[in-house]
Amino acid sequence: MELKREMLDALNSQLNAELYSAYLYLAMAAYFDSKGLKGFAHWMRVQAEEEVEHAMKFYDYINDRGGRVILRAIEKPPTEWDSITDAIRAGLEHERAVTEAISSLVDLARKLGDKPTEVFLHWFIEEQVEEEKSFAEILQALQLAGESPQALLLLDQRLAQRKD
Ligand code: FEO
């Protein structure tokens, strides 16, 4: 079954969106590094690497279906946030938007009767639950403990443990 043009365009857009996610989280890593929060920065770096893996899943899938990967310009991410909490909240909001985008892709695949793409996207549906959860947990910890140096240091140590 040939990949329809509309589906191909949407998959290429999502490939770009995943690379933007990587760029956004790398920008957050740089922001945390500038604040001396090495654990937060490490967590975001690992997150950025994960987003590149997501992008590559789209890359491989498009190729597997005989489509043409077209790389587009990656939007410039922000460089500053008002606070540590604000940056993490922005991450959570971004993940919620990604969840919406994946959901729209599923709708499109269904509309076009493209079962392979629908099945391919299931992995992302599950992954988005994890993505939102991990940001929400950090945000909750920040909201509970606040941004005192002591609370930040503890959380920073915890986030430093994230495995690649
Ligand atoms: Fe690629 Fe964070 O979702």
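The values are calculated or read from the model by the stated rules, or taken from the named source; none is laboratory data. Computed from a predicted structure; not experimentally measured. Because the Cβ atoms are built from the backbone with ideal geometry, glycine has one as well, and the counts that use them run over all protein chains shown. Surface accessibility is based on the protein's heavy atoms, side chains included, excluding ligands, DNA and RNA. Shrake-Rupley method; radii C 1.70, N 1.55, O 1.52, S 1.80 Å.
General observations
- Residues satisfying the stated conditions in the range 93-112, i.e. over 14 Å from residue 4 (Cα atoms), among the small types (Gly, Ala, Ser) and open to solvent by less than 40 Å² (accessible area, probe 1.4 Å): 101
- Qualifying residue in the range 113-121 (condition: at pLDDT below 95, among the aliphatic types (A, V, I, L, M), more than 21 Å from residue 45 (Cα to Cα) and open to solvent by 30 Å² or more (accessible area, probe 1.4 Å)): no
- Elements of type helices (runs of 4 or more DSSP H) in the range 61-164, at least 3 residues being within 20 Å of the chain's Cα centre (by Cα) and touching a residue at least 60 places away in the same chain (Cβ under 8 Å): 84-111, 115-145
- Only one of 26, 11, 19, 15 that is within 18 Å of residue 100 (Cα to Cα), open to solvent by 10 Å² or more (accessible area, probe 1.4 Å), at pLDDT 95 or above and within 16 Å of the ligand (Cβ to nearest atom): 19
- Filtering the range 29-41 to residues that are in a helix (DSSP H, G or I) and either within 13 Å of the ligand (Cβ to nearest atom) or open to solvent by 40 Å² or more (accessible area, probe 1.4 Å) (or both) leaves 30, 33, 34, 38.
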